[in-house]
Structure formats: C-alpha cells, structure tokens
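Down below is the structure, laid out as structure tokens.
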Amino acid sequence: MLVAQAWALASIAAGLIIEARPSADLQPLLLLLLGALLARVLITTLRRWLAADASVRVRQQLRAELMRAMTVAGPTAFAAAGERVPVVDEQVETLDRYYTGFLPQSIAARVIPAVVLVFVFSNDWLAGALLALTAPIIPLFMVLAGLGAEQAAARQQAQLTRLGGWFLDRVRGSATLRLFGAEARTEAAVKSRTENLRQATMKVLRIAFLSSAVLEFFAAVAIASIAIYVGLGLFGAIEFGPAPALTLQSGLFVLLLAPEFFQPLRGLSQAWHDRADARAGAAAIREVLELPPARPTADPACNPEPGPSANIELRQLGFAWPGQGRLFDDLELVIPAGQRLVLTGPSGGGKSTLLALLAGFASPASGEIRFDGLRFETFSEAARAAHVAWLGQRPWLFEGSIADNIALGDPEAGRARIEQAAERAQVLEFARLLPDGLDSVVGENGVGLSGGQAQRVALARALLVPRPLLLLDEPTASLDAAGEAEVLAALDGVLRDTPATVVCASHRAGVMGWAERVIEVDGGRLREMSR
Amino acid sequence: MSVLRRILLPGRRTLPALALAVTAGALATLAAVVLLALSGWLITATALAGLGALAMLDLFAPGAGIRAAAVTRTVARYLERLVGHDATFRQLAELRVEAARGLLNRSVAELERLRVGESFSRLTRDIDQLDHLLPRLLLPALSAVIPTVLVIGVLVVVFDGTLATVLAGFLLLAAGLLALGARASRRPGGAVSIEATDMRSGLVEWLAGLAELVSLNRADEQAGSVLASGRRRLAAQRRLGRIEALMHGGLLVAGYLAFWLVLWIGIGLYEREALTGPWMIGLALAVLALIEAWLPLAVGVSFFETARRSAGRVDGLIDADRPTETPVAGQRPNDLHLAVRDLHFRFALHQPELFDGLDLDLVPGEKRLVRGPSGCGKSTLGRLLGGILEPDSGRITLGGVALDQLDPRELRRTIGWMPQDVTLFHDSLGENLRLAAPDADDGRMIDVLERLQLGAWLRGLPDGIDTWLGEHGKTVSGGQARRLSLARMVLADYPLLILDEPTRGLDLATATAMWDALADWLADRSIIFLSHDTGHLPAIDRVIDLDALARQGSRAR
C-alpha cells in the first residue's frame, strides 16, 4: 500500500508539474492515492487489534501457569513472597510490549525494507545501493547496543524484584519500624534504594535512546543524501550511472519510499528495549516455572480412600534443606494408627521439618514415608490433602467472616458443620461476644482477633474435614492453661468421632500430658521420652 | 497538591528540565516537517530546473537546510526522551520517599491494622504507573500541538488560508478524536486499575497463606479468584488496546485526509498559479510529517485513566492533610513512675467494657506480672500502657505526665513494648537486631544472644550474625523469633518495659537459664510482664489478676 501510495503521489506530481496535464486527468490517480492511504490505515489498525488480543491470551495463560508452579513447589520452596509478586504481576506485563511492540515490529523490519529496496532498485539502482549500504549498519549497531541493553535491563529487573520484596517486608513490619522510631532510617533507605533503581532504569533507557538516536541519524543522513542525489540528478549535475534517467516521477517515488525503508527499523529499535525487558522478565518467570515440585509427581498416582486413622512409617528417611547441612539421616519412626504423638525438643531441632515432610510440603531426599503401608510420595495431590490436616505456627486468615475462614477447609460444608467445628475449637466461645457472631469479619492476617483466637479459627478449619493424620505445629502456644485444656478437650471430642493419628510439635506440659507418646527431636535425632 | 497535578504541573525544580524537553520535542517535530517539505521542494524544483523551466536554482542552501534538519531532528528527539524520562523518574523517586514517609506517619495502632497488600501496591505499582504521564502524554501532546499550530500560522501568513483551514480542521478533528478516546477509555481504564490492585492484593494474600492453602488442597481454587481478577484486568486492557487501535486508526484517517486535501487544494492553487509546483509537493509532504507526531498520543491517552486512578491512591497514602504526630507541648516525664487511674476501655460502643475503672502503679525498678486467661485484655492493657491505644477515659501517666502529652520520641525511648507478634525483616540477623539499637556492635549483639540462650543456635548459622533471615523470618522458629524480639528489647536499653508473653514457646529450663543470664539487666528496670503463668518468669514483686480486678464491672452487668 505504501508503494502504491508513493507511486500515485509521484505520478500526480510528475503529471501535473512536468507534463502539465489538466487536473481532471489526474482524478483516478488522486482516488488511488486516497484508497491506498485508507487501506493502509485499515491494515495498521487491524494489526494493533490482533496483537493486543494475542498478548492478552499469553499473559493470562502464563499467570495461571506461574501460580500452579508455586502451588506445586509448595510453601517451603519460597525465598520471599514479595519477590514473587512482581513476577506474576509486572514481569508478565512486560511480555505485553513484547507481543504488541517488538514482535510485529521485528516482522515488519524484515519484510518492508526488502520490498522497498526492490522498488527503489528497479527505479534507480544507485539510490537503491545507497539504501542497501546504510541498511547493514543498523542491525549491526542494534546488536551491539542490544547486548549492553540486555545486561542493563536484567540488572534493573533484578533490582526491581528485590526492591519489591524489600518494600513488602517493610510495609508488613511498618508498625514495628514505627515502634523502634526507625522512620527516618527507613525513609533514608527508601531514598537510597529508589535512587539506585532510578539510576539503573536510566541506564537502560540511555542505551535505548542512544541506539535509536544513532539509528535515526543514519536514517536521516541516508534520506538527506538521497534527496540531494535525486535533486542533483534531476538538475543534470550527475552524468554517470542511472542519474540522467531520473524523472520527477521516479525521483519523488524514491524519495517517498526512503523514509518507509527506515521506518520499521526505527520502530524496531524503539521496541528493542521492550525485548530486553521481556527477556529479563521471562528469565524470572522461567525461574518460578522451573521450581522443583515439593513432591515428585507420581505416575501412576495412587488415590487411596482415607481411613479414619493412618499408620505412619518413616523408613531410612534422609533430608536436608537446600543450602544447609543434612538434618535427618536414616531416620526410623513408626506411628501406630490413632496414636497421639507429641514432638518436643529445642527450637530448630527439626520438629517443624518433620511435620513438613509428613504434610508433603517437602519430600525426603532418601528413604520413604508410608501411610498404611502405601508410599506417601505416590499419593495424588487430592489424596495427600484428604489424608493430612495441617495447622501451622502462624495461623493465616484472609479478610472475610470467621465462618468463611472456617469454610475454606471444605467448601461443601454446611452451616451446621461449620458451627460444629467452631464449637469444638472453642471459636464459638469468643465469637458469641462479637456483634455478628461467626459472621463477624476479620481483617487480613486475622486483624481484630487475638493471636489465640486466630489460632482457634485455624484449628476449626483444619478440623472441618476429618482426616486420618492431623499435624499440629505448636497449636496451643498462645493459649493459657485453661484455653489449652479446652482445645485439647475439643481435639478429644473430634478424635472420638474420627480417631485420627495426631503428630503435634509442642513444648507445653499440658500437651505432653495429653499425648500418648512423646519424642524429643534434637539435631535431627529422635529420642523416646519415658512418661 | 494532588499527585496528578504535581506531575502534570511541575514545580520550580522540575520546570527547567520540562521546558527543555518540550522545546526539544517541538523542535524535533518541526525538523521532521522541514526535512520532508524541503526534500520534496528540492526534488521538484531541480526537476523543473533540469527541464530548463526554472532559470536559476541555488542547490546549496536547501541542501544545507536538509542536512541541518536531519541532524536537529535526531539530536532534539534524543534530548526530549532523555530529559523527559529523567525528570519523570526523579519525580517518582521523590514521590516514593514521600509515600513511605506518609505511611510511617501513621500511628502504630493504625499500622497494625494496615491492609498490607493494598499499601504495598500503592507504594510500588501505583507509583510506577505514573511514569507514563510525562513522556507518553504531556510531552508528545505538546510536541504535536505546538508544531501544528506553528505550521498553521506559516500557512496563513505565507501561503493560503484554505490550506491552513484544512490543517486547523485536522487539529480539531484529532483533538476531538483523542477526547473521545479518553472518554471511552475511562471505564476500561478504571477497571484495569481496580482489577490490577485486586489481583495484586489477592496475590500477596495467596502467597502469605500458601502453606495452609496447599495443606487444604485449596491453593488452586484460591488462585482461581486471583486469576479471575487478572482475567478481568486483561479483558479491560484488551478493550483499552482496541480503543487505542481505533484512536490510532482515526488519527491516521484524519491525517491522511488532511494530506490528501492539501494535495488536492494545492493542485487547484497550482493550476491557478497561486502556488508553485515545488511548494505544492513540499507542503503536502510537510503535512505527512506532521501527522506522525500525533500518533503516539493514542497510547498516552488510553493510559491516562489508569494513571489518574493510581495517582489518587498514592494521594491516599501520602495524605498530606494528616497532622504529623507531634503534640502541642512535647513534655518530658519527671520520673519513671507509671500510673493508671480509673481506666476505661472498650473496642466498640456496642461491646462490653474491657476495663472498667482499672487502677495500677508501677514504681521504678518494680517487676509486676499481669495475669489472666486468654482474651481477658492483657494484650490490650499492654497496648494502652505502651501508648499505642488511647483509653476511653481515665489517665495513664508516666512521671506525672499523661502519655499523650509526652513527646512521642521520648515516649518510645522510655517505654519498650514487646508485642506478642514478632516482626522479623527479610534482612540479616544483625540488621534485625540493630533496628532497635542502631549503634549496637556485633560483640554486644552476640553477648545478648548468648544470654538469651541463642548462642548455640547463632554458632550453627552459616554466616553468624550476618546470616540472612528469610522473609517473615521463616528460617527462625517461633520460640527463636520471640527471643530475638526480646533481644531487641534488651539492646534498646529501655528503662521501662512491657513484655507480652515473653516466654511463650520456651521450655522451662531455657527460660530459667535465660532470666538468670539477664539478672544484671533486669536489676533496676521497671517491667510489666503480661502472661498467663508465673513459672517461666523471673522473680516478680507483685502479681495482678486482671480477670478479678478489671472485669468486676462488666461481670456485674
């Protein structure tokens, strides 16, 4: 279309000015010009429209895959949640400009200059040669600039990611910062960190701008020399080559095509830093997508029906957290079905790790875990969740009503079962005093509830569906003796209906008294405590 | 002044940079116009001269003009982009510091209830969103409008009014189109803004709860609601993308029409010999170059609504109207006598009073235990005594001065409040401790950790005091975290402390050894322990049963 447009315009000019034809003769050419222009608009608009659509599809799919990968990798695989947020958010967004900007531009940059060159050559080979000569400089330069840009962009993206994690952490701890009077210190840190990010960003941009400026300069020089060459040729000042054969029509045609030769290349250079951004983003995305799964995918997955309680065997179990020394070596432990086992021992001795292994948040490096003789690693995700209930040290509550938070344990549970679970975990005791009872809304992370109350809500949630293995990580640590007794009584009540096996990490004498068996975990070794 | 206004109407400091960027932008567009017009003119003129139709032709002046325009365009465009972006990122860096200051200007009680995901979004994403305003909207608008108006002026003065009318028509049409586009993008732009915030908050919450979600096998389902926000966001983005494509197309149609009309009218003028051949071609090409400058505005306009919303949210964070927390008379306490008289407090009007006329005294050096079952108000009392919450009525005084009359810095230097929930930062162990005592050296921190029975643990860490604690202090167990919190209290050297369940999660042997090692530190400090048992604590002078003391009134009711 742009060729037709240039040709029509050149012909009009030549017809009118050189051949002095009446304008009425040129009507068809003028209409052709208008048609070519409008067709061009149509194509451009369509291209933008379709590119936007493609980009939307890609981003949606990637987000879903990222969240899936993080689920499969499990909660213990995480460096920092704050660093994962920008991966799913901003870094997926950088792909948009890749799909709507860089990709179409790179196709255009390959096709259009070639087509233009063919037409210019056929009209005037010297002008064509002039264009062809400048052309290779451009990609060459772009590759050079691109190398620097990519490194700078990767650094900038890494800084952005780190800053994200840092900010999230400080926002979360803002009350503590305020408490220690660290406002001024934090502000200074924000200042220096944003300043570093600004410098990194400007570095990326400077490279991008400079490369497109150089490109534009080459393009402008090329166009200017073609204009002057055509001018001189028409004037009759150049005697050699095809110059004497130039007419206003062919000269104007060549001149009009010259900018079109460079336009897609210029567009490409402007989109080049989108490519650098997208590649850096893609690297971060790939890192998450390639996180090792917490449990190897079993093939074929085994889907045993959960019984009321499970007999647990740990055989020659070995485990180490990444980057740390071996925690467990050849660990042997049998927990008979229905037993109430309490793990005690110093902080960091391995209690929580043992619970994580039993929960399937991590898998043994060697040896195996068996549920009723079946290898736990071969369980499907659904089977794993149906067998194990887990309650962590820090209960997590989302913003919503207490009932909603409990219902998360089983979406099919009716009101009656939610109330029953709330009753057992002593949630009703304090919920009754709240204006809306179980429908009272709690804030993010249980704001509005005391630590103990939040823990009881989480307990009710974990107990909503009976499961054959109940894992409790310091469940009563924030409760007083009376509260602890109540929760233990509630546990007794639930266990009377469904006698699950219980493994509980705790220091509390009350909990140990409630247990049937106590094992001390210290330095990765187990020691049965006499009772 | 609102954030949006501040960015679009920059103050004295950013004005020179902005003026430079605008001048450079307009100059770049004008140079592009001159380049194409002059080239067209030159070729046509030389063709005529070659035929002998033009007697004399000076080739050198136009040739030099073309070269000058080519160089000017390049340099000016480069300058515009560099200066414009630099000014923007400087503004945003300042804005971020100010937003952080605004956040930390809130009271501790407010910060404890902060919606983390939302504030995090405001501090990061929303501020980032503003980077389009200057380089993609304001600067391109000025570098399109200024040259267009100038060219119209030249057409009126030097050439023909009709041609000027065509271009003026284009200007109005383009402006109208962009205004229409801005209107159409308001709804999807707003939706993008809302859904992006929702998605991000949802994501933060999802990641925080991942452990429990995975254990309940609900992680995928909860991810679904985050992804649903993401999908709605993308749908709105797609609508915006389409509006942008249509705006772009509309601008091209208007521009090409103007070009075609200029050519058509030019032909008429040429036939009536009102216009020379070279200028007829040159002017048509000038219009073509001018259109280019308008096209980037399609993107800028479609972004505007999203940026405007973000600016509004950043406004909310900075909240310039909020008074800084400095009382009228920042008084200093006379001594360390903490006294509570006739304290009344309840969380909300329709709830029973938690404290109904509570009296309490803590004389310097005294150790007291406030005891009571879970939920009886121990932690709330701790917050009241720490000056975090304010009583409904009654007085809490330190050295005769009411807590809210104290200089807040003085208050925080004097009373150390250790809440039940420990906050550890994604930072080194040393930095986490130094939060409380910026001047503490490694030796002192190690000594305190030893006393807190964390020596063995510390020696087992890969990098000792410089070991990085994971986010939320994930590599630290609950009991260790609690002792790190206590270590901060010890390091900060408060004369008066309120310790909320300091030994929770500790076994008796460790607790006893810990308090023994802290004996000299404990000696002359005033401390209120809030706990449900006495066993794990050091020697206590007096025990207060909060249940019996404070709730008599509410029980009677």
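The values are calculated or read from the model by the stated rules, or taken from the named source; none is laboratory data. Since we're looking at a predicted model, the values are computed, not measured. Every residue, glycine as well, gets a Cβ built from its backbone with ideal geometry; the counts of neighbours run over all protein chains shown.
Tabulated results
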| item | result |
| --- | --- |
| Filtered residue count, the stretch B:178-229, keeping only those that are facing chain A (nearest Cβ under 7 Å) and outside any helix (DSSP H, G or I) | 4 |
| Failed item in (1) under 17 Å from A:Arg63 (Cβ atoms); (2) surrounded by fewer than 24 Cβ atoms within 10 Å (Cβ to Cβ); (3) under 20 Å from the mean Cα position of the chain (by Cα), with B:Val226 passing the rest | (3) |
| Residue in the stretch B:362-419 that is surrounded by the most Cβ atoms within 10 Å (Cβ to Cβ), counting only those that are in contact (Cβ under 8 Å) with a residue 24 or more places away in the chain, away from every other protein chain (no Cβ under 14 Å) and hydrophobic (A, V, I, L, M, F, W, C) | B:Leu398 |
| Options A:Ala389, A:Ala356, A:Ala382: the member that is out of contact with any Lys or Arg (no Cβ under 9 Å at 6 or more places or on another chain), surrounded by 23 or more Cβ atoms within 10 Å (Cβ to Cβ) and within 11 Å of chain B (Cβ to nearest Cβ) | A:Ala356 |
| Residue within the stretch B:17-38 that is touching a residue at least 40 places away in the same chain (Cβ under 8 Å), within 9 Å of chain A (Cβ to nearest Cβ), on the phi < 0 side of the Ramachandran plot and not in a helix (DSSP H, G or I) present | no |
| Extreme residue, surrounded by the fewest Cβ atoms within 10 Å (Cβ to Cβ), among residues of the stretch A:60-75 that are touching a residue at least 12 places away in the same chain (Cβ under 8 Å) and more than 8 Å from every other protein chain (Cβ to nearest Cβ) | A:Glu65 |
| Top-ranked residue of the stretch B:504-523 - restricted to ones that are at pLDDT 85 or above and within 44 Å of the chain's Cα centre (by Cα), ranked as farthest from A:Glu484 (Cα to Cα) | B:Trp521 |
| Subset of the stretch B:382-403 [out of contact with any helix residue (DSSP H, G or I) (no Cβ under 7 Å at 6 or more places or on another chain) and within 30 Å of A:Glu484 (Cα to Cα)] | B:Gly382, B:Arg383, B:Leu384, B:Leu385, B:Gly386 |
| Restricting the stretch B:97-147 to residues that are among the acidic types (Asp, Glu) and in contact with a helix residue (DSSP H, G or I) (Cβ under 7 Å, 6 or more places away or on another chain), the residue that is nearest to B:Ala293 (Cα to Cα) | B:Asp131 |
| Some residue of the stretch A:380-395 being at pLDDT 80 or above and in a loop (DSSP other than H, G, I, E, B) | yes |
| Residues being within 7 Å of chain B (Cβ to nearest Cβ), within 22 Å of the chain's Cα centre (by Cα) and of a type in the set (A, V, I, L, M, F, W, C) - total across the stretch A:167-207 | 3 |
| Flag if B:Met489 is touching a strand residue (DSSP E or B) at 6+ places or on another chain (Cβ under 6 Å), part of a helix (DSSP H, G or I) and at pLDDT 85 or above | yes |
| Answer residue from the stretch B:69-106, given it is farther than 27 Å from A:Leu177 by Cα and acidic (Asp, Glu) and is farthest from the other protein chains (Cβ to nearest Cβ) among those | B:Glu80 |
| Helices (runs of 4 or more DSSP H) (entirely within the stretch B:406-474) containing at least 1 residues that are within 30 Å of B:Gln331 (Cα to Cα) and of a type in the set (S, T, N, Q) | B:408-414 |
| Criterion (part of a helix (DSSP H, G or I) and within 9 Å of chain A (Cβ to nearest Cβ)) met by exactly one of B:Arg232, B:Arg238 | B:Arg238 |
| Among the residues listed as B:Val214, B:Val226, the single one being under 30 Å from A:Leu355 (Cα atoms) and touching a residue at least 24 places away in the same chain (Cβ under 8 Å) | B:Val226 |
| Leading residue by the ranking (surrounded by the most Cβ atoms within 10 Å (Cβ to Cβ)) among those in the stretch B:425-451 that are closer than 24 Å to B:Trp515 by Cβ and facing another protein chain (nearest Cβ under 8 Å) | B:Leu435 |
| Residue within the stretch B:113-127 that is within 30 Å of A:Ile228 (Cβ to Cβ) and either in a helix (DSSP H, G or I) or not acidic (Asp, Glu) (or both) present | no |
| Any hit, the stretch A:260-268, residues being assigned to a loop (DSSP other than H, G, I, E, B), within 14 Å of chain B (Cβ to nearest Cβ) and in contact with a helix residue (DSSP H, G or I) (Cβ under 8 Å, 6 or more places away or on another chain) | no |
| Any hit, the stretch B:144-155, residues being surrounded by fewer than 19 Cβ atoms within 10 Å (Cβ to Cβ) and within 18 Å of the chain's Cα centre (by Cα) | no |
| Boolean, A:Ala4 is exposed (fewer than 14 other Cβ atoms within 10 Å of the Cβ), more than 8 Å from chain B (Cβ to nearest Cβ), modelled with pLDDT under 80 and closer than 23 Å to B:Ala37 by Cα | no |
| Criterion: outside any loop (DSSP other than H, G, I, E, B), surrounded by 18 or more Cβ atoms within 10 Å (Cβ to Cβ) and either facing chain B (nearest Cβ under 10 Å) or modelled with pLDDT of 80 or more (or both) - qualifying residue of A:Gly409, A:Gly452 | A:Gly452 |
| Within the stretch B:192-208, considering residues that are closer than 23 Å to B:Arg308 by Cβ and among the aliphatic types (A, V, I, L, M), the one surrounded by the fewest Cβ atoms within 10 Å (Cβ to Cβ) | B:Ile194 |
| Qualifying positions in the stretch A:230-253 - within 9 Å of another protein chain (Cβ to nearest Cβ), of a type in the set (A, V, I, L, M) and surrounded by 17 or more Cβ atoms within 10 Å (Cβ to Cβ) | A:Val230, A:Leu232, A:Leu234, A:Leu246, A:Leu248, A:Leu252 |
| Selected residue [more than 14 Å from every other protein chain (Cβ to nearest Cβ) and touching a strand residue (DSSP E or B) at 6+ places or on another chain (Cβ under 9 Å)] from A:Ala310, A:Ala320, A:Ala284 | A:Ala310 |
| Residue within the stretch B:276-286 that is outside any helix (DSSP H, G or I), within 11 Å of another protein chain (Cβ to nearest Cβ) and not basic (Lys, Arg) present | yes |
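This table checks each residue for (1) closer than 30 Å to A:Glu93 by Cβ; (2) surrounded by fewer than 19 Cβ atoms within 10 Å (Cβ to Cβ); (3) at pLDDT below 80; (4) not hydroxyl-bearing (Ser, Thr, Tyr).
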| position | (1), (2), (3), (4) |
| --- | --- |
| A:Asn123 | no, no, yes, yes |
| A:Met142 | yes, no, yes, yes |
| A:Gln157 | yes, no, yes, yes |
| A:Ala175 | no, no, no, yes |
| A:Gly181 | no, yes, no, yes |
| A:Asn196 | yes, yes, no, yes |
| A:Val204 | yes, no, no, yes |
| A:Ile207 | yes, no, no, yes |
